[in-house]
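Trainee: One structure is given below, represented as structure tokens, and several questions about it will come after.
The numbers here are math on the coordinates, done by the rules we state, and not lab data. Treat the numbers as computed from the prediction; the structure is a model and nothing was measured. For neighbour counting, all protein chains shown are included, and Cβ atoms are generated from backbone atoms with ideal geometry for every residue, glycine included.
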Amino acid sequence: MNQHQNRKDDHLQLANNLYTNTDAFNELRIIHNSLPELAFSEIDLSNNCFQQKFEYPFYIEAMTGGSNKTNKINEQLIKVAKETNLPIALGSSSIALKDREQAKVLQQLRSEYKNGFIIANLGANCSAKDAQYIVNLLQANALEIHINALQEILMPEGDRDLKWINNIQQIVQTVSVPVIVKEIGTGMSKQTIQKLINIGANYINISGKGGTNFAKIENNRSNEPASYLNNWGQTTIESLLEAKQIDSNHHQISIIASGGVKNPLDIIKCLILNAKLVGIAGTFLNILLTSGTEQLIKTINTWKIELKKIMLLLGSKDIDQLQNVDYILSSNLLNYCKQRNIKI
């Protein structure tokens with residue numbers, strides 16, 4: 001097994017071992033509606049993103065790939081996506097640029113989910129040519145370009161040249177499918193989001209801290225850990241509040257949320273804060289590894305029903321109406337908003 005595959009297996013094991021339930025989403029409380037005046041049968045979970053209609057407002061977020069062990073995980077996740085009719089983002093496909101066998105794995109995954117919405121995944125340092133190659137290889141419907149500055153500086157073999165913006169611009173402007181610029185669990189500020197808008201990015205995944213913690217993962221792999229950086233970044237809720245400061249009607253951007261989503265209520269909170277779609281990685285990975293494929297399928301199907309129940313409780317018949325739901329923020333979040341000049 002080569003160094004790349006060893007690293008991917010390390011990430012998989014540590015991501016599951018370090019899986020924890022955080023309370024970051026408890027910083028936002030929804031105001032109860034005693035008179036919903038709505039019927040369960042009237043509720044519509046569908047949502048629009050990438051100029052396409054999705055049956056449900058959440059998807060299986062990128063987790064892993066690039067080794068024999070992690071490829072098996074992706075095979076199971078593809079089965080789950082197919083059985084539940086969810087979009088799925090695959091882990092980084094960079095190894096397929098050099099390894100023909102890994103390229104064949106991607107093609108096999110697509111053949112298993114021929115009509116599904118599949119999102120390819122590459123790092124911000126890849127070329128636009130390589131990005132298009134992976135899109136073509138996977139017949140991907142969209143592409144995630146992940147930005148992971150904190151992970152890179154903590155990873156012993158990580159990049160030290162983090163000049164990415166021009167490269168991302170080339171990818172956004174030339175690749176043939178929608179390009180999502182995605183953090184990997186450290187959140188985004190309104191300044192970062194604005195920079196991405198300025199180079200033409202229309203789809204931005206703020207991916208806040210609270211889920212898979214790559215700082216902890218890399219510090220566990222390192223002989224010289226910098227554990228004081230384990231709590232770096234903004235939470236998903238903080239990042240969504242940052243994103244709300246951008247005039248999305250003017251810029252025509254779609255904000256996608258991920259990072260620490262543990263249950264249907266967390267999804268609802270993301271949608272209340274204007275997220276177009278919500279990605280779940282760590283929670284689904286933990287269920288898959290501890291309870292198996294069928295249990296994950298059962299969980300996802302249960303979540304679909306629970307989402308409708310919560311929307312019924314809120315009197316919201318569709319995703320757009322969720323943005324009219326009243327909520328309050330904790331004193332910590334209010335302080336954050338005050339110091340960041342965020343209007344709420």
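Trainee: Could you state, as a whole-number percent, how many of the C-alpha pairs of segment 33-175 are farther apart than 23 Å?
Mentor: Numbers: 4358 of 10153 pairs.
Value for segment 33-175: 43 percent of Cα pairs lie more than 23 Å apart.
Trainee: Still on this structure, please answer the following. In sequence order, what are the phi-derived ³J(HN,Hα) couplings for segment 330-344 according to the Karplus relation 6.51 cos²θ - 1.76 cosθ + 1.60 with θ = phi - 60°, rounded to whole Hz, with x for glycine and proline?
Mentor: 5, 4, 4, 5, 4, 5, 4, 5, 4, 5, 8, 6, 9, 7, 10
Trainee: Listed here are the pairs K163/K244; K216/K276; K190/K262; K190/K343; K79/K298; which of them are more than 19 Å apart at the Cα?
Mentor: Details: K163/K244 26 Å; K216/K276 29 Å; K190/K262 25 Å; K190/K343 12 Å; K79/K298 13 Å.
Long pairs (Cα-Cα over 19 Å): K163/K244; K216/K276; K190/K262.
Trainee: Another question, if that's okay. Could you work out the percent of alpha carbon pairs in segment 172-237 separated by over 17 Å, rounded to a whole number?
Mentor: Numbers: 1087 of 2145 pairs.
Here the tail beyond 17 Å accounts for 51 percent of pairs.
Trainee: Please determine, in degrees from 0 to 90 and to the nearest 10, the orientation of helix 100-112 with respect to the longest principal axis defined by the Cα atoms of the chain, where the helix direction is its Cα long axis.
Mentor: Helix 100-112 and the main axis of the chain meet at about 30 degrees.
Trainee: Now for a separate question. Between segment 301-344 and segment 226-286, what's the alpha-carbon centroid distance in Å?
Mentor: When both Cα centres are located, 12 Å separates them.
Trainee: When we measure straight from the Cα of K98, which lysines land under 17 angstrom away, once same-chain ones fewer than 8 places off are left out?
Mentor: Within the straight-line limit of under 17 Å, K98 reaches these lysines: K8, K129.
Trainee: Tell me which of I237, N71, C270 sits at the most positive position along the dipole axis of the chain, charges placed on C-beta atoms (Lys, Arg +1; Asp, Glu -1).
Mentor: Going by the Cα projections, it comes out as N71.
Trainee: Further question on the same structure: Going by the alpha-carbon gyration tensor, a ≥ b ≥ c the square roots of its eigenvalues, is segment 264-344 rounded (a/c under 1.5) or, if a/c is not under 1.5, prolate (a/b greater than b/c) versus oblate? Display every interim value, and only then the final one.
Mentor: Details: a/c = 3.00, a/b = 1.59, b/c = 1.89.
It comes out oblate by the Cα gyration axes.
Trainee: Now for a different question. Based on the alpha-carbon gyration tensor of segment 46-130 and its eigenvalue square roots a ≥ b ≥ c, which shape applies: rounded if a/c is under 1.5, prolate if not and a/b is larger than b/c, or oblate?
Mentor: oblate
Trainee: Taking the Cα atoms of the chain alone, what are Rg (to one decimal) and Dmax (as a whole number) in Å?
Mentor: My reading of the Cα-based Rg and Dmax gives 19.2, 60 Å.
Trainee: How large is ³J(HN,Hα) for each residue in segment 270-280, as worked out from phi by the Karplus curve 6.51 cos²θ - 1.76 cosθ + 1.60 (θ = phi - 60°), to whole Hz, x for Gly and Pro?
Mentor: 5, 5, 4, 8, 6, 5, 7, 9, 10, x, 10
Trainee: Tell me the angle of helix 128-138 to the major Cα principal axis of the chain, expressed in degrees between 0 and 90 and rounded to the nearest ten.
Mentor: So the inclination is approximately 80 degrees.
Trainee: In degrees from 0 to 90, rounded to the nearest 10, what is the angle of the helix 282-291 Cα long axis to the longest principal axis of the chain?
Mentor: The answer is roughly 70 degrees.
Trainee: What is the ratio of the Cα radius of gyration of segment 228-307 to 2.2 N^0.38 Å, with N the residue count, to two decimals? Present the calculation step by step, with values, prior to reporting the outcome.
Mentor: Numbers: Rg = 14.8 Å, N = 80, 2.2 N^0.38 = 11.6 Å.
Scaled against compact globular proteins, the figure is 1.27.
Trainee: Over the chain, what relative contact order in percent results from Cα pairs under 8 Å that are six or more residues apart?
Mentor: Working: 640 pairs, mean separation 79.5, N = 344.
It rounds to 23 percent for the chain.
Trainee: From the C-alpha gyration tensor of segment 185-344, pull out the three semi-axes of the equivalent ellipsoid (sqrt of 5λ each), sorted largest to smallest, in whole Å. Walk me through the numbers on the way to the answer.
Mentor: On the way: eigenvalues 125, 119, 44 Å².
Those come to 25, 24, 15 Å.
Trainee: Right, next: Treating cross-link reach as a plain straight distance, find the aspartates and glutamates whose alpha-carbon is under 12 Å from the alpha-carbon of K304, omitting any fewer than eight places away in the same chain.
Mentor: D44, E55
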